[in-house]
Amino acid sequence: MNSTEMIDRYVNEVGENLPRKMRADIEMELRSLLLDALEERAGGEPSVKETAVLLQEFGSPEKMAAQYRPAESLIGPKLFPTYKVVVTITVTVIGVLHLVGLGFVLWQSAGADFVDKSLNFIFSFGQSAILNAGIVTLIFAIIERSAGDEINLPEQEKTWDPFALPPVKDPNRIDRGELVVGLIVSLLVLSWLNLFPNWFGGAQLDGELPWYAQLMTAEFLQQIPWLSASLLVDVLLKTAVLIQGRWNQVTRWLELATLSFGLYVTVRIFNLEAISTVSAFTNGIKMILAIVIIVELVEVVVKLFRLVFGRPFPRPSFIKSRLV
């Protein structure tokens, strides 16, 4: 890492703690300020150590972002990272509880009024999510107003190291929205597979009571525990990464193991003699599964290569600060 890259990393990390609408202008201003200060101090070719010393004097990216954040912000940058995690976890937990509750109600009612109960679930989830997110926001806003100026990050300020700044294009940075959507989809499929395993067919409604024609074979239904285990492992991993706030080397290896297990389950289903009671459906599903297997296999190989050879993750044990 040279002097220019270190500044770029620092400026990018400051920007990550600021609202998007003001990020570009502040990054440009901060980069100019740092380059001017560095040139005044070290001349035309500053060393990496001189750059690191200057950045430590400026303060951690979180502290620097706090100085640029508008005073009228509801929640300042010191509290905002914690606020995002708390809101995300709160909404996710509410969604899981609603899914479990919906599944239990539908199971008790044998699936009657499925559409009405599902719409009520969506409405109830929206109400609860907005209400609880609002309560969390109010609590953090009160803390910001009452003690915002007194909140310090002494531990981060004491331990932060310019040599450990993540790259501008950091592969370990998470997309919370993507993770939350993935969690909800996995939980929905997991609930469907285990609460309504016989709902793989079309409803016959011309009798007094509706019934469901079985489209999937008993051989396929025996694979539901394997599918459920694959989805459950994926849910647990995404939840752990969401709480942690970043990918790291351990979770990347766990991600590889999860993908490999999912590939194994897909191959098991593909190798079934009959997936559906309708032969045309079996052929169509196997064509889709063949494509999925190829995609999953390529993804596993690429991730394994990056883990072993690409070194996409920061390695603190090999990158020691030259300030010590």
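Which ordering of Phe121, Phe281 is given by a fewest-first count of other beta-carbon atoms within 10 Å?
With the sparsest Cβ surroundings first, the list reads Phe281, Phe121.
Quick query: amide H of Ser276 versus all other amide H atoms, modeled in the peptide plane; which residues come in under 5 Å with a sequence gap of 5 or more or a different chain?
So Ser276 has HN proximity to Thr217, Thr282.
Among Ile285, Ile275, Ile122, what is the fewest-to-most ranking by other Cβ atoms within 10 Å?
Ile122, Ile285, Ile275
Quick one, can you get me the convex hull of the C-alpha atoms of segment 1-70 expressed as volume per residue in Å³?
Output value, Cα hull per residue: 76 Å³.
Which of Tyr83, Tyr264 comes first, and how do the rest follow, when ranked by fewest Cβ neighbours within 10 Å? Please list the in-between numbers first.
Values: Tyr83 20, Tyr264 12.
Ranked by crowding around the Cβ, least crowded first: Tyr264, Tyr83.
Please work out the Cα center distance from segment 215-236 to segment 1-69, rounded to the nearest Å.
Segment 215-236 and segment 1-69 have Cα centres separated by 50 Å.
Every number in this text was worked out from the coordinates using simple rules, so none of it is lab data. From a predicted model like this one, the values you see are computed outputs, not experimental measurements. All Cβ positions, glycine included, derive from the backbone under ideal geometry; neighbour counts span all protein chains shown.
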